[in-house]
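Quick notes on the structure that follows.
The values are calculated or read from the model by the stated rules, or taken from the named source; none is laboratory data. Note that this is a predicted model, so its numbers are computed, not measured. With ideal geometry, Cβ positions are generated from the backbone for all residues, glycine too; neighbour counts draw on all protein chains shown. Only protein heavy atoms, including side chains, enter the accessible area calculation; ligands, DNA and RNA are left aside. Shrake-Rupley method; radii C 1.70, N 1.55, O 1.52, S 1.80 Å.
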Amino acid sequence: MPYRSAIVIALLLMLPPLCGSSALGDESKEMKPGSTPMKPMEFERLELTSPVFENGKTIPILFTCDGVDASPPLNWDRVPEGTRSFALFCDDPDAPHGNWVHWVIFNIPPDSTSLPQGLPRVEILPDSTRQGLTDFKVPGYGGPCPPSGIHRYFFLLYALDTVLEFEKTPHKPDVEKAAQGHVIGKGLLMGTYTRE
């Protein structure tokens with residue numbers, strides 16, 4: 001197994017699933033007496049990559065607050081049968097006050113296998129892809145801007161068997177909750193960044 005693929009698989013196994021006890025909430029706490037815990041859904045591992053940085057390597061300055069803060073191009077394959085949309089998050093778990101959300105993008109069309117560089121910071125893109133609110137309080141990508149030290153940035157891609165609907169621009173927890181029980185594939189890419 002290639003070294004990079006081994007790293008990606010190892011990181012995927014560390015990810016909380018979007019069902020059961022996870023970042024979406026622990027369903028066991030909401031179960032009624034006598035009910036049966038939900039079994040985690042089977043999912044396909046998507047190969048998520050970027051042409052501008054390798055997994056575990058430095059994110060180029062162009063895609064950070066020290067550059068033009070452009071969203072990085074991303075590619076994926078192994079799309080599961082039954083995919084109706086994709087959702088993607090970018091998080092920094094090394095932020096001083098806990099996990100910082102840098103990107104929330106969802107309802108990516110099911111025939112997509114990439115995101116181009118430099119997507120505009122708008123809620124709805126021309127192909128009906130939507131972007132939720134980040135911890136910068138705006139829709140669209142906000143690049144790495146760590147106050148100190150090396151931070152890790154996790155790009156998490158989910159293949160969903162549904163299209164998500166919201167009455168107002170959602171935050172990451174809203175998208176996670178709506179996606180619960182609909183994940184049929186997921187992929188992970190991690191990049192790092194530190195400011196000079």
Can you give the accessible area per residue of segment 56-157, in Å², using a 1.4 Å probe?
45 Å²
24 Å tail of the calculated P(r), segment 90-196, as % of Cα pairs
23 percent
What do you get when you divide the Cα radius of gyration of segment 87-152 by 2.2 N^0.38 Å, with N the number of residues?
1.18
Residue-wise, which Karplus ³J(HN,Hα) couplings in Hz belong to segment 112-125, taking 6.51 cos²θ - 1.76 cosθ + 1.60, θ = phi - 60°, and x for glycine or proline?
7, 10, 6, 10, x, 5, x, 5, x, 8, 10, 6, 10, 8
Size of charge dipole - segment 111-196 - debye, nearest 20, with Cβ of Lys, Arg +1 and Asp, Glu -1, no other charges:
320 debye
Based on the inverse mean of 1/r over its pairs of different Cα atoms, what is the Kirkwood hydrodynamic radius of segment 129-190, in Å?
13.4 Å
